[in-house]
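J.: I am attaching a structure below and will ask some questions about it afterwards.
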Amino acid sequence: MLEAAKALVLRHHDEIWTRGNIDAVDEIFAPDFVGHHPRQPDWVGPDAVKQAVVNARTAFPDFAEQVEEVIVAGDRVVTRFTASGTHMGPYRGLAPTGRRMQIVDSNVLKRDHLRQCGNGTGMRWFVLNVTGA
């Protein structure tokens, strides 16, 4: 079960965020998924994840996430990753700058939030460390 959860989390980073395949959101995220993010409203349900991906990839068409580390413990999968992209479209009220950004991030995913790994309430927590804008 833990290896399946790890595989889905890695797929989420690659297929959804790096490749922009929002159809995979419904395959990966449980219907009751809730994502908690600093200084942002919670993402409630897979549709909120889809909207976040569309927003990010509209602003940063070359958006990509590189997973640096994965830790599986109990009912959690933790990833440390670097997200990067070039700011080519509006994002959160900011006009495009044409500059590259890089964010070092940690992601804590509860196994139950993954569609194929459990049926309970799914949760996700982020800790951001912005290294460029």
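One line per residue, one yes/no per condition, for (1) surrounded by 14 or more Cβ atoms within 10 Å (Cβ to Cβ); (2) of a type in the set (F, W, Y); (3) within 19 Å of R76 (Cα to Cα); (4) touching a residue at least 24 places away in the same chain (Cβ under 8 Å):
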{"position": "I22", "(1), (2), (3), (4)": "yes, no, no, yes"}
{"position": "A30", "(1), (2), (3), (4)": "yes, no, yes, yes"}
{"position": "H37", "(1), (2), (3), (4)": "yes, no, yes, yes"}
{"position": "P61", "(1), (2), (3), (4)": "no, no, no, yes"}
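J.: Provide a single number: the residues in segment 73-106 that are of a type in the set (S, T, Y) and farther than 17 Å from H37 by Cα.
T.: 3
J.: Among the residues that make up segment 96-107, is at least one of them of a type in the set (D, E, K, R), crowded, with 16+ Cβ neighbours inside 10 Å, under 23 Å from P31 (Cβ atoms) and at pLDDT below 95?
T.: No, the conditions are met nowhere in segment 96-107.
J.: Here is a further query. Inside segment 14-33, can you point out the residues that are of a type outside the set (D, E) and either on the phi > 0 side of the Ramachandran plot or in contact with a Ser or Thr (Cβ under 6 Å, 6 or more places away or on another chain) (or both)? Walk me through it before giving the result.
T.: Filtering segment 14-33 down to residues of a type outside the set (D, E) leaves 16-22, 24-25, 28-31, 33.
Once the filter is applied, which keeps residues that are of a type outside the set (D, E) and either on the phi > 0 side of the Ramachandran plot or in contact with a Ser or Thr (Cβ under 6 Å, 6 or more places away or on another chain) (or both), segment 14-33 yields only G20.
J.: Related question: Look through segment 1-14, keep the residues that are at pLDDT 80 or above and buried (at least 18 other Cβ atoms within 10 Å of the Cβ), and return whichever of them is nearest to E65 (Cα to Cα).
T.: Per the criteria, the residue is H13.
J.: Could you give every pair whose Cβ atoms fall below 8 Å, whose first residue belongs to segment 73-86 and is under 18 Å from P61 (Cα atoms), and whose second residue is among the basic types (K, R) and at pLDDT 90 or above, counting only separations of at least 6 or pairs across chains?
T.: Partner pairs satisfying both residue conditions: S84/R100; G85/R100; T86/R99; T86/R100.
J.: Still on this structure: Tell me which residues, restricted to segment 81-95, are surrounded by fewer than 16 Cβ atoms within 10 Å (Cβ to Cβ) and either among the acidic types (D, E) or within 19 Å of L10 (Cα to Cα) (or both).
T.: Result: T82, single match.
J.: When residues of segment 34-60 are filtered for being at pLDDT 95 or above and either in contact with a Ser or Thr (Cβ under 7 Å, 6 or more places away or on another chain) or more than 25 Å from A95 (Cβ to Cβ) (or both), how many remain?
T.: 1
J.: Would you confirm, using the coordinates I've provided, whether A30 is touching a helix residue (DSSP H, G or I) at 6+ places or on another chain (Cβ under 8 Å) and more than 24 Å from Y91 (Cβ to Cβ)?
T.: yes
The values are calculated or read from the model by the stated rules, or taken from the named source; none is laboratory data. No experiment lies behind these values; they were computed from the predicted model shown. Quick reminder, even Gly has a Cβ in these numbers, built from the backbone with ideal geometry, and neighbours come from all protein chains shown.
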